[in-house]
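Nothing in this text is a laboratory measurement; each read-out follows from the coordinates by a stated rule. Computed from a predicted structure; not experimentally measured. A quick note on method: Cβ atoms are made from the backbone with ideal geometry, for glycine too, and the neighbour counts reach across all protein chains shown.
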Amino acid sequence: MIDLHNHILRYVVPVHRTEPDIEIAVEMAKIAAADGIRIIASTPHFRPEALGDRLPEVCALLREGVTRLNRVLRERGVDVEIVDGAEVQLWEGLPELADAGLLPTLGEGRHVLVELPIASYATYAEQVLFALQLRGLQPVIAHFERMAGAPTQEFDAEALVSRGLKLQVNCESLQGRRGKPVQGAARDLIRNGLVAGLGSDAHNPEDSPPRLSACRRAVNRAGGRGAFERLTWEQPLEIIGRA
Ligand SMILES: [Fe+2]
């Protein structure tokens, strides 16, 4: 399986308030390996507006962190590969960042995991996403189902997908950990064939672990036989630029 959304890197490089601790990252990778996950997209929160002048430095730090973590995992015999990426917060300046080569993409590809604001309606969201597409980038909306918990949002999943955008869903949402409306939204998106990939959105080994297999049954029930393989391997492989 491929986990498209994972915060393991916060334990490798100091990009969050979390104190880095490589042992926690190794523990998370072991949990993922035991679950059958072979590739993890490293998607730490990336808030360009807040980073300002530190952007180039942080981009380099994220890539170094992935290289370092892969080296440690190989040394420890943990059979999981980490690929580059970030969970990029929506911002009006993203197209310019892309032009400057400062927008992290997933793996070796041209897909960018974008987090939309849940609490407030961003009128410029669709313009920014379209501007990224014009630059040859492919936005993947992070945990789109969580928009169901945001009554102020009016994103039409079908319209977004028809315009070439991709939607990512979190395993924890399918398991009901974000409430019934979000769980229902996740199932409907899969049922309607609007989802391109799954993520654990793992933040730690204890209450937010990197596992995907737990939602296999829910995914196949909603999307039909083979849906889980498509959403955890075939389509994510393309998203990380390996297909
Ligand atoms: Fe996340």
## Note on the structure
Between the modelled labels at residue 18 and residue 60 (7 Å from Cα along Cα→Cβ) the distance in nm is 2.4 nm
### Message
Taking C-beta distances below 4.7 angstrom as the pairing criterion, name the unpartnered cysteines of the chain, in sequence order.
### Response
59
### Task
Rounded, prolate or oblate: pick one for segment 1-116, where a ≥ b ≥ c are the square roots of the eigenvalues of its C-alpha gyration tensor, a/c under 1.5 means rounded, and failing that, prolate if a/b is larger than b/c, else oblate.
prolate
### Query
Where the centroid of each part is defined by its Cα atoms, how far is segment 28-67 from segment 69-113 in Å?
6 Å
#### Entry: For residue 3, net neighbour charge (Lys/Arg +1, Asp/Glu -1) across residues whose Cβ lies under 13 Å away
-3
### Message
Can you list the DSSP H helices in the chain whose Cα atoms extend at least 18 Å along the helix axis and whose mean Kyte-Doolittle hydropathy is 0.5 or higher?
### Response
22-35
### Summary
Lys and Arg at +1, Asp and Glu at -1: neighbours of residue 87 with Cβ under 10 Å from its Cβ sum to -1
### Message
As a test of the formula, what do you get for the chain when each DSSP H run with n ≥ 4 contributes -39,500 (n - 2.57) and the sum is divided by the residue count, at 222 nm and rounded to the nearest 500 deg cm²/dmol?
### Response
-10500 deg cm²/dmol
